[in-house]
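The values are calculated or read from the model by the stated rules, or taken from the named source; none is laboratory data. The structure displayed is predicted, hence computed values, not measured ones. Note that each Cβ is placed from the backbone with ideal geometry, even for glycine, and that neighbours are counted across all protein chains shown. Side chains are part of the model used for accessible areas, which takes the heavy atoms of the whole protein and leaves out ligands, DNA and RNA. Shrake-Rupley method; radii C 1.70, N 1.55, O 1.52, S 1.80 Å.
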Amino acid sequence: TRSTRPQRLLKAVRKRATQGDPQSVISAIDHFCRHSEWAMNVGDEKGSILDSVVSELNPEKVLELGTYCGYSTVRIARLLPPGARLITLEFNADYAAIARQVIAWAGLEDKIQLVEGASEDWIPRMKEHFGIETFDFVFLDHWKHRYLPDTKLMEDCGLLRKGTVLLADNVICPGVPDYLEYVRNSLSYKSCYFKSHLEYTKAEDGLEKSVFLG
Ligand SMILES: Cn1cnc(CNC(=O)c2cc(-c3ccc(F)cc3)cc(O)c2O)c1
Ligand SMILES: [Mg+2]
């Protein structure tokens, strides 16, 4: 039967990227998405903004909501200091299977824990199951209707501390109006918008960076 797009993306990584070289994995995926098939990775333009936020923060504990094929997982993990840890949640088992192989090709398995399941099931279990106190950085890139409820859930579970940075993808396209309204009007967040474009296109999109004030 016909292969899936994530399977073809993984094939392109194996063909073009060098094992153990995260930058070559990122470039291979961007090349595939520009020249073969569009896929919903954060991409190179928004990815550079993601890189700058992560590099400035130097986080020890990172949570990613929405792994997909692992593109942003690799982008973030390649910048983390030794000993830092990234937990990434993916609901879709097929995406998770591809992401594990992309992460392995990049040689970043030791920094990354990929968890399959629903964010609303796993967020309340972060402390007891992963020994996490609070996160330093959260990248939101999963189902857009889950951004707001999962943010409130992280607050309620005490997973955010003064200074925790939330970075949300797709705040314009597909858009997350309820989340934006919340972080921009809540006294508990200092929020700012990084204007960019939808991955591999000319359509407007952007990232919203929100610092939790406690
Ligand atoms: C099925 N599924 C598993 N994970 C998810 C969460 N991600 C998205 O939905 C997502 C969607 C788009 C997008 C799709 C079509 C379109 F025309 C324009 C934009 C872009 C992104 O960067 C995304 O992260 C969805
Ligand atoms: Mg996205």
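Solvent-accessible area per residue for the chain at a 1.4 Å probe radius, Å²? Can you show the working numbers first?
Details: 9680 Å² over 214 residues.
Normalised by residue count, the accessible surface of the chain is 45 Å².
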> Once Lys and Arg get +1 and Asp and Glu get -1 on their Cβ, which of 188, 168, 200 lies farthest toward the positive end of the dipole of segment 55-214?
Replying inline: 188
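Considering only the chain, what is the antiparallel percent among its DSSP beta bridges, to the nearest 5?
Working: 13 of 32 bridges.
In the chain, DSSP labels about 40 percent of beta bridges as antiparallel.
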> Taking residue 152 as the anchor, which lysines have their alpha carbon closer than 20 Å to its alpha carbon, excluding any fewer than eight residues away along the same chain?
Replying inline: 61, 127, 144, 162, 190, 209
>> Quick one: 3J(HN,Hα) in Hz for segment 170-178, Karplus 6.51/-1.76/1.60 with θ = phi - 60°, rounded, Gly and Pro as x.
In response: 6, 6, 10, 9, x, x, 9, x, 5
>> In whole Å, what are the extents of the chain along the principal axes defined by its C-alpha atoms, from largest to smallest?
In response: 48, 38, 35
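Expected output is a single nm value to one decimal: the length gained when fully extending between residue 1 and residue 38, i.e. 0.36 nm times separation in residues minus the C-alpha distance. What is it?
Details: separation 37, 0.36 × 37 = 13.32 nm, distance 2.10 nm.
Contour length minus Cα-Cα distance gives 11.2 nm.
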> Per the 1.4 Å probe, what fraction of the accessible area of segment 75-181, in percent, lies on carbon and sulfur atoms?
Replying inline: 52 percent
>> Residue by residue through segment 152-168, what is 3J(HN,Hα) from phi via Karplus (6.51 cos²θ - 1.76 cosθ + 1.60, θ = phi - 60°)? Round to whole Hz and write x for glycine and proline.
In response: 5, 5, 4, 4, 5, 8, x, 8, 10, 10, 3, x, 4, 9, 9, 10, 10
> So how strong a dipole does the chain carry about its Cα centre when Lys and Arg Cβ are +1 and Asp and Glu Cβ are -1, to the nearest 20 debye?
Replying inline: 520 debye
